[in-house]
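Bear in mind that the values in this text are calculations on the coordinates, not laboratory data. Since this is a predicted model, take the numbers as computed values, not measurements. Glycine gets a Cβ as well: all are built from the backbone with ideal geometry, and neighbour counts include every protein chain shown.
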């Protein structure tokens, strides 16, 4: 297992990293001792919720991860995208899995803040090291310019190839104004490419009302040790905000893809939405 600095990893990164590992979607280099302890501590509650058809945190995390994977793979195999930047990559194994799957046909950039980035670089070193087609770099998603801005990172890529930005488990940490400014930076940076795609998860109030849903939202807030911002009342409102930021977007319900995502926990999947957006040129 990779030797990581646990103090540089957030509780959510520890836990989500272990959820992916426990479900066969990761390598043990991404699994931390803290993540294992958290996963075991919550396993009973997750199993109970799933058994009685209530949303579980594990079910929500798996739904978002698997649908983003599916939509990104479709874009790669459809010839739309061959360069990917995952912002706030944390302990996500997606870059490692996609680099193994597609080899030099894609370029995958793992981007994060310095503390988490050091952990990711140690993991990649254990798994064979960084290459010209799979590497890590520092990013500040809130920066308008400078070497760690999204504009600079995308500026180092091939302008003639379709490019995607991914944010998973990120935007609900920020207030609405910060998210809208981030989206505007992303759309501007992506507009230089023949195809600029953006994938993310988002929590909306649509489908998240009622006492059970409010309790679930409180659980998520406690888990991340901070406020979970719900920016939009509905999918339509989220799509309009993305349009105002320079994207043509769809906000997807993972439950509509249940046939393509075996063993999807419908209750947990219903608490999350996935953004699939194209930057206008």
*asked:* So for the chain, averaging the separation of alpha carbon pairs under 8 Å that are six or more residues apart and normalising by length, what relative contact order in percent results?
replied: 21 percent
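Assuming R0 = 25 Å, can you tell me the calculated FRET efficiency for the pair residue 191 and residue 142, based on Cβ-Cβ distance, to the nearest 0.05?
0.80
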*Burial ranking of peptide ranges 133-146, 101-114 (average Cβ count within 10 Å, highest at the top)*: 101-114, 133-146
*If you count the DSSP beta bridges with both ends in the chain, what percent of them are antiparallel, to the nearest 5?*
40 percent
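If I take every Cα pair under 8 Å that is 6 or more residues apart in the range 1-139, average their sequence separation and divide by the length, what percent do I get for the relative contact order?
26 percent
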